[in-house]
Amino acid sequence: MSLAIARRLDLTTLLPFAATVLLILGGSLFFPQMLGIGYLSQQLQIAAFLGVIAMGATIVILLGHIDLSVPWVLGGAALISTTLAGTGDPLLTALAIPAALAFGGLIGLINAVGVALLRIPSMVWTLAVNSMLLGISVLYTGGFNPKGEASATMNWLATGKLAGIPVAFLLWMAVAVGLALMLHRTGFGRYLSAIGYNEKATFLSGVSTPSVLFAAFSIAGLCSALGGVLLAGYANQAYQSMGDPYLLPTIAAVVIGGTSILGGKGGLLGTVGGVFFITLLNSILSVMQMSDAWRSIIFGVLIITMLMVQTLRGREG
Amino acid sequence: DTYRPECFAPAPGTSTISYEAKEGPYKIAFVNGFAGNDWRIAAIQAAKAWAARPENAAKIEEFNVVSVGNDSAAQIAAIDNFIAAGFDAITFIAVNPTAFEPVIRRAERAGTVLVPFDNVLDTDRVVQINESQVELGRLKAQTVMDLLGGEADKILMVNGLPGNATDRDRRIGMMSVLENVEGLEIVEVVGNWDTGTSQKVVSDALATHGQFDGVVSQHGAAGTINAMQAAGHPIVPMGVDGENGVRMLMDELDIPGISASQAPAMSAIALEAAVALLEGNALPQTVYLPIPQVKSEDLAPGVNYFPDLPKSFNTGTGFPDCFAPFTPEELLGQTADNT
Amino acid sequence: MATSPSPIVRLEGVTKRYGATVALDGVNFDCNAGEIHAVLGENGAGKSTLMKIIAGVIQPTEGVVHVDGEPVALRSPREAVSRGLVCMFQELSLIPDLTVRENLMLGAPGTGLGRLSGRTLTVACDLLARIDGGHIPMRARLADLSLAERQQVEIAKALAREPRLLILDEATSALNASVVEKVFTVIREESARGIGVLFISHRFHEIEALADRVSVFRNGRHVETFDNGAYDYPAIINKMVGQKIDDLFPAKPEAKPDAEVVLRLDGFGWEDGLKDVSITLRKGCITGLGGLDGQGQARVLQGLFGLLRKTEGDIVLDGREIQIASPKDAKRPDISIALVPEDRKTEALVLQQSIAANMQLAALGVDGVPASDPVLYRPYIDALQLKYASLDQPVGQLSGGNQQKVALTKWLALKPRCLLLADPTRGIDVKTKTQIYELLRRLADEGTAILLLSTDYEEFIHLCDETHIFYDGRVVRHLQGDAVTAENILAATLNLPAQGGTHA
Amino acid sequence: MPEFLRANRREAIAVAVLLFLLTVYLSTHPRGMSTYVMTIWANQCLILALAAAAQFFAVIVRGIDLSVGAVMALTNTIASHVMGGEGISLLGGAALVLAAGVACGLLNGALVVFARIQPIVVTLATASIFVGLALILRPTPGGVINYDLADAMTLDVLGIPTALLITAAVIGLFWIPLRRTGLGLGLYAIGSSEQAAFQSGIQVPLVRMISFGLGGLFAGLAGLYFSFVTTTGDAGIAANFTLNSIAAVVLGGVALRGGVGSLIGAIAGAFILKTIGALMFFSGLPPLAQPFVEGLVLAAAIAIGGADVLRVRNRLEVFAR
Ligand SMILES: Nc1ncnc2c1ncn2[C@@H]1O[C@H](COP(=O)(O)OP(=O)(O)OP(=O)(O)O)[C@@H](O)[C@H]1O
Ligand SMILES: Nc1ncnc2c1ncn2[C@@H]1O[C@H](COP(=O)(O)OP(=O)(O)OP(=O)(O)O)[C@@H](O)[C@H]1O
Ligand SMILES: O[C@@H]1[C@@H](O)[C@H](O)OC[C@H]1O
Ligand SMILES: [Mg+2]
Ligand SMILES: [Mg+2]
């Protein structure tokens, strides 16, 4: 793994990290506090929500696919976990997180059925799944309106600290390392990018490509669900469309991290950098009280700049 | 001289509108925009609860509710469809305040009564039901400033969804107060009416701007409070909206201030207004409903907030001056599957 | 053989580098109007690179290209075509999702972005007919054609552009002898009309039959150009590979009809593509599958590799009947069937990935196989003499033939019990061919059952112990021993009565 | 004819599905089939259809355009500034609006062709920029479009909805002819195999730029027609249309891997999508159940397209899709 990481430590991967550092230094000119532990560890915590989701997204994108069901998988998981925890019943409360994750995994499987078996483009199938989930949660909330509450564990995961480090961040890193091991220790990572480049040839190499797709999409579902659990623990509640702000930033983080949207090329480490960059950028634009118009313009321009640098490097190397 | 002014309070300097009476029972539709939002779900529930009350049910032949998403063209199409289908009145939450002039003309021709509410229109040609958004903002800011004895150095202002008239007016209302406090630094962040987003941006604001003397916020203030707690920020006066979770926190933490809500139950008032107009009554063109509000000291579980309902539940369950507020049971009694 | 003094193209000191690799090295070369000029060389010698430069696909790192004595910069195929330099590419220039008709019209001379003219089409159509492609439906999606059919379309497309110099880069590699003969007739007529033809092939009998002059390349260098017939095979091969090769094919052991049966197909069928095919694979025996393109022979391979749903008949392995539901199944140690597919670029390899990654892809996850251990592949890389810069180099950078070697290594490393090969020597140079033939023979002797689909009848005659000839989804002839002759094979492929052999 | 149907199978299915849904819709509509009802229906369908057309020109050359909605928002806000006037100024205004659309498209194209960044990523970023500009032009919704012009474009001619006439014109006067040109062929060639297209002598960069330009043009048209329907400017419309335009092209049988499908299909797909939405109006479904049912029908409609893969009997053929 260390070896695999090392191989991935090329400059494209480091780019977003470097850019993040520049952002912080730039921002600190206006707000010296940005160099303070308080602000930085807070960014680690907030980055974790996007980060966890982006880990799953990276895996799906490596396949050359995309998962647009993130928002309402996240929302659904939050709704389920808070509903169970809200009952106050210790057993159900204990089930809150597992149930939410199970939900995420299940939706992942449903996504995979459409993509792997029916061969529907993930971009539209996951979109359709997303709108069904929206429908279900509207139906559910409107029909039952159960008391919702994040469990103590959820709060701790989202807002707690271990040795001064946000638990959410540690959790994210755990997920990242876990997946990285899975990618590099087993053939899984190989299969992902091989499929991302040429699914037919991979299938003809005796790889059960559908199983790989199923695995990848359910991992993505799990990650989105975990993101939902964390966000519910953070806001200490679930609410409709709480996942909407996460879809496009997730994709942005992955591609800024050097993973090719066409599949095949890329990795988790780059995405981690991409997540830091997006999180810091949003944070700084926000505290600068930039008008919304200018915020989105700057956001777009910076992303393009990053990608240009990336492709330029790519062409030299 | 207008119908039930205690409820349908005229906005300052507004005109009156009336149509000639029609025979009931009526066909009425409620055309909502986006549905995946707790406030809107509550609004739909309130509308259905209203239609289910016997005294109203008697007056109604058909009642349709549709949600068209954040697409003004689709909303125009929906309204046109109900006009075409010969509906007597249509209430709606406008996706866009300026997109409905042609529809209004077509409605007039067809003799269909239009009653926008919540997100209303920039027009004086139809009766509109809303709380004064400017007042809603002003009220929160004023209360906070009063609690601060009229003086403050730094105020945090959490705005709603940008590019949206409702958000604009509420901000204008807050500014109308805060601008007059001299030496006041106003730090604005964009919370998008979203608890999680508010929590993030407020955390950042606290980390970079340090302490605030007070906070004024639109929807999502629960996030704002969480962030302040996490940052160990002292309790300061707050003006917030009316979600259940926010009131819980206010009561629990003894946060001084006010919770004034844009109440989803106004969907029912809009229907009430529609019927009143169809029955030939005159109403103010712009109705400013009495803003449901609670000072923190008056917060009482089960009365103006509900510990065993979700935090995302909107407490604005009615306007006492208009009719008995809906009980949560009444709202939920309307489970989605018995229309 | 008309060789006008003024060459159409002349290359002067042309060098092409790809990073460290030198694909072409200071090449001087010319091709005259009215001549058929064959280019020979082992895999990776630089033939395609040469052609791509003349066709404007790539630009030389150094050196000059002269067209009609004028130094020119050919920045794109468009410019080359406008000067009458038309190439029929080894990796085809056809659009999979367009119909045959649309492909023939695409970028045809005179059609810019504006209105399309049907004129080129009519020309192309009758050309297609003349090379035996008359049956190919104009409305068919190109992707739905077999490789051979696609090559026929590509040839017609190239000819229809009224070339002054026609470049054929392994244009006939998947075509069968009878079709190739027709293509040659057309080419001869064209050159008789004063058109220059540059011609790459790894099949000697083709070159002998066609070329006026022959140029030999080795390691990116132009070794020599001479008139056809000036040297004999061994001499030419010597120039090509820098060593003597006495016989192309290994000695064929006498038939052992009673050797133990490894794999048996009984009444195998699938839709209308395959009807009642029964084939027996014996230990130490190489079995050939022949026939015109698209007669179903590839279907047999696909069926045995678990690619066809709802097949009829039985597959019997070591006496027990087995079901093969997918390539993963086929790969299972207890079945252990390998397929080296027909189209290396889309089916056999992941071009963007490294040689190492490609070789490991099949072995990964097979228990008891150390997939990531280079030692596993070394013997085959050596035996096939893969020409590569580094194992981390993307396979896409390898020459056509060397890509094929990677595809073979990938599966051979698994030591399959039964090896299915679809035209494995297509685009492979003689030297490598001999290596592959020896390898196959050795594997067969070690007990691997080998099913060899081929478009080169020499392989049936000299390599295979027995051969099944397909026609319209059936085995129409089962040739063994002395009955395996060029005449019989050709007759059988056309389903004509035989002068020997046993009817299946 | 059957031959023709087989060749255009995807479009044929889409049109069939559309006719079915439309029949259901009209039969649930109390007013039933009438010019008014058809006009309402056609208007909102055409907006998405034009957006889908924009998406089509990105997808056909193997791209995705996440900025379609954003360009609509930008052009819509521009229109709300320049199309309130009278007479000739309106023409100028419309020209300006469409020019802006084309400019956006060309910017996307340039970043794809010259900076070599993947279309989906480029447009993800430019979308953010375009929306920002739109917000500067219209911080909150406002402005007007000349009502007479708006009426002319959104009502009917002799009982036929203007929107349907426009749709017919786009297909008959623009698409069918384009399909018969080298450009039309080039679009498909690039989308299907860029290398092969290049080797066949297609000027890949040029054709790609043109394709993105056309995409921008149609996004501009969509923004313009949206302006006619809503008679005002609003920077907040982007989100809806982008993803829906993608769903629409797929419903219309356009393959996201490029090179397959037709503008007719894309347009049909858009009409299908909007009709599914319209079905809710008089469905009598519980309001809170409607979003779910809508999603369900969408999923079903998409799955129908995929279903035939289950009948494929050569496992390799599923990869060709
Ligand atoms: N794009 C590329 N990048 C790097 N090296 C390349 C590239 N294309 C070709 N080469 C190298 O250039 C050399 C010549 O390749 P070329 O394709 O011309 O060989 P060839 O004579 O056509 O072989 P074959 O008979 O197998 O087709 C080979 O060593 C090949 O690896
Ligand atoms: N994906 C496909 N879809 C439809 N038809 C196909 C497809 N692939 C091949 N065909 C047609 O089916 C027939 C059999 O094709 P195929 O090329 O596999 O036969 P084959 O035995 O491999 O011929 P050869 O190996 O000599 O090229 C051919 O006529 C071909 O045009
Ligand atoms: O008025 C707003 C309502 O329209 C939105 O849906 O939720 C937040 C409210 O303030
Ligand atoms: Mg070659
Ligand atoms: Mg074949």
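The values are calculated or read from the model by the stated rules, or taken from the named source; none is laboratory data. This is a predicted model, so every value here is computed, not measured. Using ideal geometry, Cβ is built from the backbone for each residue, glycine included, and neighbour counts are taken over all protein chains shown.
Considering every residue within region C:101-113, establish whether at least one is of a type in the set (D, E, K, R) and under 23 Å from the mean Cα position of the chain (by Cα). Steps first, please.
Quick first cut of region C:101-113, residues of a type in the set (D, E, K, R) only: C:101-102.
Among the residues that remain, those that are also under 23 Å from the mean Cα position of the chain (by Cα) are: none.
No; the residues of region C:101-113 include none that is of a type in the set (D, E, K, R) and under 23 Å from the mean Cα position of the chain (by Cα).
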Only unsatisfied item for D:Leu296, checking (1) farther than 29 Å from C:Asp97 by Cβ; (2) in contact (Cβ under 8 Å) with a residue 60 or more places away in the chain; (3) within 11 Å of chain A (Cβ to nearest Cβ), is (2)
Quick one: in region C:155-185, of everything that is within 14 Å of another protein chain (Cβ to nearest Cβ) and more than 19 Å from C:Ala38 (Cα to Cα), which residue is farthest from ligand 5 (Cβ to nearest atom)? C:Glu162
Looking at B:Glu188, B:Glu182, which is the one that is within 15 Å of B:Asn159 (Cβ to Cβ) and out of contact with any Ser or Thr (no Cβ under 9 Å at 6 or more places or on another chain)? B:Glu188
Considering residues of region B:97-127 that are of a type in the set (Asp, Glu) and not in a loop (DSSP other than H, G, I, E, B) only, the residue farthest from B:Lys22 (Cα to Cα): B:Glu101
State all residues of region C:394-421 that are within 14 Å of another protein chain (Cβ to nearest Cβ) and within 16 Å of ligand 1 (Cβ to nearest atom); if no residue qualifies, say none. C:Pro394, C:Val395, C:Gly396, C:Gln403, C:Gln404, C:Val406, C:Ala407, C:Leu408, C:Thr409
Taking region D:191-211 as the search range and keeping residues that are over 18 Å from C:Ser82 (Cβ atoms) and facing chain C (nearest Cβ under 9 Å), which one is surrounded by the fewest Cβ atoms within 10 Å (Cβ to Cβ)? D:Gln195
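Does region D:62-73 include one or more residues that are more than 15 Å from the chain's Cα centre (by Cα), free of Cβ contacts under 8 Å to residues at least 12 places away in the same chain and in a loop (DSSP other than H, G, I, E, B)? If you could, list the steps in order and put the result at the bottom.
So the first thing to find is which residues in region D:62-73 are more than 15 Å from the chain's Cα centre (by Cα), and the list is D:62.
Applying the additional criterion that residues be free of Cβ contacts under 8 Å to residues at least 12 places away in the same chain yields none.
Looking through region D:62-73, none of the residues is more than 15 Å from the chain's Cα centre (by Cα), free of Cβ contacts under 8 Å to residues at least 12 places away in the same chain and in a loop (DSSP other than H, G, I, E, B).
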Answer from C:Leu248, C:Leu339 - the residue that is part of a loop (DSSP other than H, G, I, E, B) and within 27 Å of C:Gln480 (Cβ to Cβ): C:Leu248
Screening A:Leu269, A:Leu280 for residues that are more than 13 Å from chain B (Cβ to nearest Cβ) and either surrounded by 22 or more Cβ atoms within 10 Å (Cβ to Cβ) or farther than 30 Å from A:Ser137 by Cα (or both) leaves only A:Leu269
Do we find a residue being within 21 Å of C:Gln404 (Cβ to Cβ), more than 19 Å from the chain's Cα centre (by Cα) and in the same structural domain as C:Thr21 (by TED's automatic domain parsing) anywhere in region C:221-236? no
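Does D:Gly132 meet the test of being more than 21 Å from the chain's Cα centre (by Cα), closer than 20 Å to D:Asp234 by Cα, within 11 Å of chain A (Cβ to nearest Cβ) and crowded, with 21+ Cβ neighbours inside 10 Å?
Answer is yes for this residue.
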Would you check which residues across region C:328-348 are more than 7 Å from every other protein chain (Cβ to nearest Cβ), crowded, with 24+ Cβ neighbours inside 10 Å and away from ligand 2 (no atom under 16 Å from the Cβ) and list them? C:Ile337, C:Ala338
Check off (1) of a type outside the set (Val, Ile, Thr); (2) buried (at least 23 other Cβ atoms within 10 Å of the Cβ); (3) more than 16 Å from ligand 3 (Cβ to nearest atom) for B:Ala42 and give me the number that stays unchecked. (3)
Counting only strands (runs of 3 or more DSSP E) wholly inside region C:417-471, the ones holding at least 2 residues that are free of Cβ contacts under 8 Å to residues at least 24 places away in the same chain are none
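Could you identify the single residue in C:Asp429, C:Asp373 that is over 25 Å from C:Ile322 (Cα atoms), of a type in the set (Asp, Glu) and within 16 Å of ligand 4 (Cβ to nearest atom)?
Working: C:Asp373 fails: within 16 Å of ligand 4 (Cβ to nearest atom).
Exactly one residue qualifies, and that residue is C:Asp429.
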Condition first: in a helix (DSSP H, G or I), within 14 Å of another protein chain (Cβ to nearest Cβ) and more than 21 Å from B:Leu253 (Cβ to Cβ). Can you find one or more residues in region B:151-166 that meet it? yes
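What do you reckon, is C:Glu79 over 30 Å from C:Pro424 (Cα atoms), of a type in the set (Asp, Glu) and either outside any strand (DSSP E or B) or within 16 Å of ligand 4 (Cβ to nearest atom) (or both)? Don't jump to the end; show me each part of the working.
Working: over 30 Å from C:Pro424 (Cα atoms): yes; of a type in the set (Asp, Glu): yes; either outside any strand (DSSP E or B) or within 16 Å of ligand 4 (Cβ to nearest atom) (or both): yes.
In short, yes.
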How many residues does region D:289-321 hold that are surrounded by 17 or more Cβ atoms within 10 Å (Cβ to Cβ), of a type in the set (Val, Ile, Thr) and over 19 Å from A:Ser131 (Cα atoms)? 1
Some residue of region A:245-253 being part of a loop (DSSP other than H, G, I, E, B) and among the aliphatic types (A, V, I, L, M): no
Note: among A:Phe49, A:Phe17, just one is facing chain B (nearest Cβ under 10 Å) and in a helix (DSSP H, G or I), namely A:Phe49
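Any residue in region D:191-200 that is of a type outside the set (Phe, Trp, Tyr) and outside any helix (DSSP H, G or I)?
Residues of region D:191-200 of a type outside the set (Phe, Trp, Tyr): D:191-197, D:199-200.
Right, trim to outside any helix (DSSP H, G or I) and you get D:193, D:200.
Yes, region D:191-200 contains a residue that is of a type outside the set (Phe, Trp, Tyr) and outside any helix (DSSP H, G or I).
Please determine whether any residue of region C:444-454 is within 16 Å of ligand 4 (Cβ to nearest atom), farther than 23 Å from C:Ser146 by Cα and assigned by TED's automatic domain parsing to the domain that holds C:Ile286.
Taking region C:444-454 and keeping what is within 16 Å of ligand 4 (Cβ to nearest atom), we get none.
Looking through region C:444-454, none of the residues is within 16 Å of ligand 4 (Cβ to nearest atom), farther than 23 Å from C:Ser146 by Cα and assigned by TED's automatic domain parsing to the domain that holds C:Ile286.
Select, from B:Ile83, B:Ile104, B:Ile60, B:Ile79, the only residue that is more than 7 Å from chain D (Cβ to nearest Cβ) and crowded, with 24+ Cβ neighbours inside 10 Å.
Numbers: B:Ile83 fails: crowded, with 24+ Cβ neighbours inside 10 Å; B:Ile104 fails: crowded, with 24+ Cβ neighbours inside 10 Å; B:Ile60 fails: crowded, with 24+ Cβ neighbours inside 10 Å.
The conditions single out B:Ile79.
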Is there a residue in region C:349-360 that is in a helix (DSSP H, G or I), in contact (Cβ under 8 Å) with a residue 12 or more places away in the chain, away from every other protein chain (no Cβ under 13 Å) and closer than 23 Å to C:Lys433 by Cα? yes
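Every residue, every condition in (1) more than 14 Å from chain A (Cβ to nearest Cβ); (2) touching a residue at least 40 places away in the same chain (Cβ under 8 Å); (3) more than 14 Å from D:Ala58 (Cα to Cα); (4) not polar (S, T, N, Q), yes or no:
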{"position": "D:Leu137", "(1), (2), (3), (4)": "no, yes, yes, yes"}
{"position": "D:Met153", "(1), (2), (3), (4)": "yes, yes, yes, yes"}
{"position": "D:Val157", "(1), (2), (3), (4)": "yes, no, yes, yes"}
{"position": "D:Leu183", "(1), (2), (3), (4)": "yes, no, yes, yes"}
Is there a residue being surrounded by 17 or more Cβ atoms within 10 Å (Cβ to Cβ), within 14 Å of chain A (Cβ to nearest Cβ), away from ligand 3 (no atom under 16 Å from the Cβ) and not in a helix (DSSP H, G or I) anywhere in region C:318-327? yes
Within region D:223-253, how many residues turn out to be on the phi > 0 side of the Ramachandran plot and more than 8 Å from every other protein chain (Cβ to nearest Cβ)? 1
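Being in contact with a Pro (Cβ under 6 Å, 6 or more places away or on another chain) and in the same structural domain as C:Phe226 (by TED's automatic domain parsing) narrows it down to one residue among C:Asp25, C:Asp30; which is it?
Details: C:Asp25 fails: in contact with a Pro (Cβ under 6 Å, 6 or more places away or on another chain).
From the options C:Asp25, C:Asp30, the qualifying one is C:Asp30.
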